[in-house]
């Protein structure tokens, strides 16, 4: 995992989310602390999934709050200035409800993916655009994002993307190693910037 984190940092990703939901607090804190050592001197920020206590204790840049986690406004009341709070939202209404207490939102699921297969509610590009129009904070798209869909995300007005599959090889084929990660990050940025300029 640390090797994969190092690949992502060296590739210049803006935000690295530590999303190890099966780890106990102590083990997760050890992992987050080790990743924070790797990001020193870089532009990459580390956010911790759900565990506000671990994020604060380790000095991470922020926390990602999934559905069912602590309400963003409650988290905002206890974190230091500059601490990043980012919730998951699934509709424009959810985005509006949290916008005043957060730094940005992650909106999904836009398209079906391996972790969110067909059958669940999908936003699609129009749902993503609706969320973008509803709030003044940046919106990142998640769910089924690929290089071929980057232009659609950019055209929606979203500020960026959050992804796993686009940046990682499949565990059954490449052992979860980086798949030309730097090239993927550069290609995603180039396509995103082109689509934003065209929209």
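Just so it is clear, none of the values below were taken in a lab; they were calculated from the coordinates. All of these numbers come straight from a predicted model, not from anything done at the bench. FYI the Cβ positions are ideal-geometry reconstructions off the backbone, even for glycines, and counts take in every protein chain you see.
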To the nearest 0.05, what FRET efficiency results for residue 197 and residue 43 with a Förster distance of 22 Å applied to their C-beta separation?
0.50
Identify which of the listed values of log10 I(q)/I(0) by the Debye sum over Cα atoms at q = 0.14, 0.19 Å⁻¹ was calculated from the structure shown: [x] -0.74, -1.40; [y] -0.96, -1.24; [z] -0.84, -1.54.
[z]
In deg cm²/dmol, rounded to 500, what helix-only [θ] at 222 nm does the chain give when every DSSP H run of at least 4 residues adds -39500 (n - 2.57) and the total is split over its residues?
-11500 deg cm²/dmol
How big is the stretch 1-70 by Rg and Dmax over its Cα atoms, in Å?
11.3, 34
Pairwise label distance in nanometres, residue 1 with residue 189, each label 7 Å out on the Cα-Cβ vector:
2.7 nm
